[in-house]
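Below: the structure, in structure tokens.
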Amino acid sequence: MRLSQFFLPTLRETPTEAQIVSHRLMLRAGMVRQQAAGIYSWLPLGHRVLTKIAQIVREEQDRSGAQEILMPTIQPAELWRESGRYDDYGKEMLRITDRHEREMLYGPTNEEMVTEIARASFRSYRDLPRNLYHIQWKFRDEVRPRFGVMRGREFLMKDAYSFDADAAGARHSYNKMFIAYLRTFARMGLKAIPMRADTGPIGGDLSHEFIILAETGESAVYVDRDFLDQNLLDLPVDYDDVAGLQKAVDRFTGFYAATDEKHDPAVAARLGDRLVGARGIEVGHIFYFGTKYSAAMGLSVQGPNGEKIVPEMGSYGIGVSRLVGALIEASHDDAGIVWPAAVAPFGAGVINLRVGDAACDAMAGDLYARLRAAGLDPLYDDRAESAGAKFANMDLVGLPWQLVVGPRGAKAGTVEVKDRRSGAKEELSLDAALAKLTAPR
Ligand code: P5A
């Protein structure tokens with residue numbers, strides 16, 4: 001993409017309404033535009049990151065055996081009356097009346113709707129187990145939407161729903177999601193810590209929040225330093241290995257990790273100086289709630305001996321749009337965003353310091369073409385701006401690599417390659433630069 005043609009409405013001034021760094025940087029880098037309190041448009045740079053995050057989530061859900069569907073954002077109130085949550089949900093639910101005076105709502109979550117789908121189709125124990133997920137916008141009329149996309153009113157969630165014939169099967173489904181979550185966040189360069197959690201309006205008695213550490217996190221958390229040293233990309237992915245998966249889950253839940261509400265200072269004290277107190281952001285939350293919705297809504301299937309089985313269910317959420325902000329909270333510096341490569345909006349930035357100079361134009365153009373051919377999806381700053389403005393802009397946008405073409409290098413046949421995270425710079429030939437960027441990090 002040529003920057004001269006790219007819609008990137010960056011801001012020079014720091015927006016005063018934004019209280020935390022990710023919100024400020026998202027506005028400054030032209031990623032989102034607020035349309036109403038807690039409601040955002042996603043502009044090209046932000047949309048690219050959102051899509052990449054959603055794709056990693058999707059791949060890991062699919063790998064675990066979950067199947068993607070797409071349910072609507074608008075739901076009939078009737079379904080929620082069946083589960084008893086229509087009145088319980090209170091003011092957080094956006095209620096709508098259609099032209100026929102039918103009561104509708106903008107879905108804050110989809111337990112009822114997916115249970116209705118199962119009820120319409122599942123007949124036998126052979127229809128189980130199933131895990132259905134979608135990536136869809138939700139609406140929660142939060143009293144105080146704040147911190148940009150981190151606590152929005154409209155936000156993108158991945159929500160999965162599992163159905164099993166018995167509690168043991170449901171536990172296995174829960175464990176699959178548990179491991180898939182650790183892998184999903186690790187692929188984004190995040191270490192998400194599973195913590196026992198309360199279940200609130202979703203219900204049930206087994207639940208974990210997945211929390212990443214960041215100074216501006218909404219909750220105080222405590223964690224065993226040893227957990228932070230675990231390599232989560234090496235997790236077992238044989239999702240059919242029931243015992244192996246349980247062992248892995250036991251290992252990760254064996255580390256002390258708790259939010260403020262669940263923190264037990266007496267137990268934590270045993271960790272000595274391994275206890276880390278920090279702040280955290282909840283990026284995922286999983287629940288096992290048994291037959292709460294299936295029983296209330298009359299979902300049952302026939303067992304092998306003709307008996308009636310009421311499926312055991314769980315639900316599993318990831319805050320896809322929240323992750324964009326959370327990633328920035330976890331990875332930025334004074335100059336701007338520092339994207340982990342897996343979610344970066346572009347793979348590399350090319351800066352032409354002297355647009356209009358024949359040698360610089362030719363070299364930058366060649367580099368841009370070769371990066372594209374190598375699948376690196378580069379952003380080429382071909383604008384007639386000052387060098388200072390270009391450097392500042394590229395740092396703000398936070399692509400993993402910057403390749404700088406100037407008159408001296410153009411003569412020598414070299415580019416300056418800057419690693420955005422470390423700031424390290426080297427002069428390399430085009431071949432060597434390409435080899436460096438395509439080598440596994
Ligand atoms: C699990 C999936 C649920 O809703 N039902 C379906 C269950 N869980 S949850 O914890 O309430 O939400 C799941 C994740 O969504 C993100 N999230 C938000 N993101 C941005 N703005 C919000 N207002 C918001 N509320 C929830 C969180 O990441 C949460 O873990």
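The values are calculated or read from the model by the stated rules, or taken from the named source; none is laboratory data. All values reported here derive from a predicted model rather than from experimental measurement. No Cβ is skipped: glycine too gets one built from the backbone with ideal geometry, and neighbour counts run over all protein chains shown.
Brief remarks on what is shown
- Segment 85-98 - residue that is basic (Lys, Arg) and not in a strand (DSSP E or B) and, of those, nearest to the ligand (Cβ to nearest atom): Arg85
- The set of residues in segment 53-70 being among the hydrophobic types (A, V, I, L, M, F, W, C), in a helix (DSSP H, G or I) and either within 15 Å of Lys176 (Cβ to Cβ) or touching a His at 6+ places or on another chain (Cβ under 9 Å) (or both) consists of Val57 alone.
- All strands (runs of 3 or more DSSP E) inside segment 268-366 with 1 or more residues being over 29 Å from Ile56 (Cα atoms): 275-290, 348-352
- Those residues of segment 291-326 which are out of contact with any Phe, Trp or Tyr (no Cβ under 8 Å at 6 or more places or on another chain) and away from the ligand (no atom under 15 Å from the Cβ), in sequence order: Thr291, Ala295, Ala296, Met297, Gly298, Ser300, Asn305, Gly306, Glu307, Lys308, Val310
- Selection over segment 109-166 of residues that are among the aromatic types (Phe, Trp, Tyr) and farther than 23 Å from Gly38 by Cβ gives a count of 5.
- Residues that are more than 15 Å from the ligand (Cβ to nearest atom) number at least 2 in the following strands (runs of 3 or more DSSP E) confined to segment 99-188: 103-106.
- Scanning segment 118-135 for residues that are under 23 Å from Glu307 (Cβ atoms) and hydrophobic (A, V, I, L, M, F, W, C) turns up Ala118, Ala120, Phe122, Leu128.
- Applying a threshold of 6 Å to beta carbon distances and a minimum spacing of six or more residues, or different chains, the list of pairs starting in segment 178-194 at a residue that is among the basic types (Lys, Arg) and ending at one that is part of a helix (DSSP H, G or I) and at pLDDT 95 or above reads Arg183/Glu60; Arg187/Ile56; Arg187/Ala342.
- Qualifying helices (runs of 4 or more DSSP H) (wholly inside segment 374-439; at least 3 residues being crowded, with 16+ Cβ neighbours inside 10 Å): 387-397, 430-438
- Candidates Val237, Val267, Val242, filtered to the one that is β-branched (Val, Ile, Thr), modelled with pLDDT of 95 or more and more than 15 Å from the ligand (Cβ to nearest atom): Val242
- Those residues of segment 29-39 which are surrounded by fewer than 22 Cβ atoms within 10 Å (Cβ to Cβ) and either on the phi < 0 side of the Ramachandran plot or assigned to a helix (DSSP H, G or I) (or both), in sequence order: Arg33, Gln34, Gln35, Ala36, Ala37, Ile39
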